[in-house]
Amino acid sequence: MRLQEARALLAERGFGAAGDSDKRFADGTPYKVEIPSCEGPAVMRAVLEEAKTRGVRVDRVSQGSGVMMLTDDEIREMVSLGEAEGVEVCLFLGPRGSWDIGGQAKVSAAVGGVARGNDMVAASLCDAYRAVDLGVRSLLVGDLGVLELLGTLKKEGSLPADLVLKTSVLMPLPNAPTAALYERLGATSLNVSTDLPVPVLAEIRSVTSVPIDMYIEVPDDQGGHVRFYDVPDVVRVAAPVYLKMGLRNAPNIYPVGAHLAATAEALGRERVRRASLILRLLEEQG
């Protein structure tokens, strides 16, 4: 099969070129702001305080250390802060390949979020049910099999129907067929790969209905791109989209704790400042 014929075959199946998006969030907005690496209530309070100071609306915070690294009281406090401020609180599920005893994840980030074996899958499910019982309605998933299981459990009524299942950047999402697969398996928010050109984002949006979330400034271990001036085009083709602010030249703080508290809070505040720069660009460029 020639390349032209392969492209035609994809187009026949709905995976062709795409243009601007006319999709929006339920409130009619084309984009929202997500602050990642919000590792506990202290960091979340710092993020919300900085957001008020800078006039930045934060719609979602996500956490990377995992449910298992938070006490019940810490989770309850984050849920309470989210309810008070109208902010979605998304927590990462449990153990992962990069923390396990195996060697592959130490040399390949592509398997950093996987659940190695049924015991790690079970641990991820334990995290999910614990978080839900404590009021969390948004989970960050790094493993494909875990995603499918959680999607099935939602359909069966074992987990809340309104539970957000957000794919992690550790689950590669580089093309439209993969995006469509993740949504079929239950994903309700799609973290796309960090280095995608705008036309590829348009292709992904054309075959999906759920929000996309995308790093605008990318952590070093995920590529380190700084794509501020791409944002108007990202919004144009990918809406509804969460604009997510990582940081270059920042330490990896997972799993966080009191030994890294000041660093985690400083990083959170700087992510909000970066978001304010993005919002200024959006306003300037219409």
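The values are calculated or read from the model by the stated rules, or taken from the named source; none is laboratory data. Not measured: the values here are computed from a predicted model. Methodologically, a virtual Cβ is constructed for each residue, glycine included, from the backbone with ideal geometry; neighbour enumeration extends over all protein chains shown. The protein model used for the area step is the full one, side chains on, heavy atoms only, and it has no ligands, DNA or RNA in it. Shrake-Rupley method; radii C 1.70, N 1.55, O 1.52, S 1.80 Å.
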Q: Report the charge-dipole magnitude of the stretch 38-93 in Debye, nearest 20, computed about the Cα centre from +1 at each Lys and Arg Cβ and -1 at each Asp and Glu Cβ.
A: 240
Q) So what is the accessible area of the stretch 182-239 per residue, in Å², with the probe set to 1.4 Å? A) 33
**Q.** Antiparallel DSSP beta bridges within the chain, as percent of all bridges there, nearest 5
**A.** 5
Q) In square angstrom, what is the accessible area per residue of the stretch 71-174 with a 1.4 angstrom probe? A) 44
Q) Which percent of Cα pairs goes in each bin when the distances of the chain are cut into 10 angstrom slices starting at zero? A) 6, 29, 37, 22, 5, 1
Q) So what is the calculated 222 nm ellipticity per residue for the chain, using -39500 (n - 2.57) for each DSSP H run with n of 4 or more, over all residues, to the nearest 500 deg cm²/dmol? A) -13500 deg cm²/dmol
Q.
If you average the C-alpha positions of the stretch 7-37 and of the stretch 192-210 separately, how far apart do those two centres end up, in angstrom?
A. 6
Q: Whenever you get a sec, compute what percent of the accessible area on the stretch 231-276 sits on carbon and sulfur atoms (1.4 Å probe).
A: 49
Q. Given the Cα-Cα distance of residue 262 and residue 209 and 0.36 nm per residue of separation, how much length would full extension add, in nm?
A. 15.2 nm
Q | Given charges at Cβ of Lys, Arg, Asp, Glu: the stretch 143-237 dipole, positive-most of 223, 186, 169 | A | 186
Q: Work out how much length residue 225 to residue 5 would gain on full extension: take 0.36 nm times their residue separation and subtract the Cα-Cα distance, in nm to one decimal.
A: 75.8 nm
**Q.** Alpha-carbon gyration tensor eigenvalues x 5, square-rooted, for the stretch 158-286, Å
**A.** 25, 20, 13
Q | trypsin sites (Lys or Arg not before Pro) within the stretch 36-79, DSSP loop, no more than 15 other Cβ atoms inside 10 Å | A | 57
Q) Which one of 73, 27, 100 has the biggest mean-square fluctuation once the chain is modelled by GNM with Cα springs under 10 Å? A) 27
Q. List the aspartates and glutamates whose alpha-carbon lies under 17 Å from that of residue 154, not counting same-chain residues fewer than 8 positions away?
A. 127, 133, 143, 162, 183
Q | Gap separating the Cα centres of the stretch 148-184 and the stretch 227-286, nearest whole Å | A | 24
Q | Selection from 67, 53, 123 lying farthest towards where the dipole of the chain points positive, charges on Cβ | A | 53
(Q) Is there a quick way to get the dipole size of the chain? I mean about its Cα centre, with the Cβ of Lys and Arg at +1 and of Asp and Glu at -1; what is the value in debye to the nearest 20? (A) 460
**Q.** Extreme residue, positive dipole direction of the stretch 1-138, given options 89, 78, 99 (C-beta unit charges)
**A.** 99
Q) In the stretch 170-246, what percentage of the DSSP-assigned beta bridges are antiparallel, given to the nearest 5? A) 10
Q | Within straight-line cross-link reach of residue 32, aspartates and glutamates at Cα separation under 13 Å, skipping those fewer than 8 residues along the same chain | A | 59, 88, 213
Q: Could you tell me what percent of the accessible area of the stretch 124-203 is made up of carbon and sulfur, with a 1.4 Å probe and every protein chain present?
A: 59
Q: Note down, for the stretch 190-232, the three equivalent ellipsoid semi-axes (square root of 5 times each alpha carbon gyration tensor eigenvalue), biggest first, whole angstrom.
A: 19, 11, 9
Q) Could you give the nm distance between label points at residue 137 and residue 54, where each point is 7 Å from its Cα heading toward the beta carbon? A) 2.7
Q: Taking the Cα centre of the stretch 124-214 as origin, sum charge times position over the Cβ atoms of Lys and Arg (+1) and Asp and Glu (-1), and report the length of that vector in debye to the nearest 20.
A: 140
Q) Which distance in nm do the two modelled labels at residue 84 and residue 129 give, with both placed 7 Å along the Cα-to-Cβ direction? A) 3.1
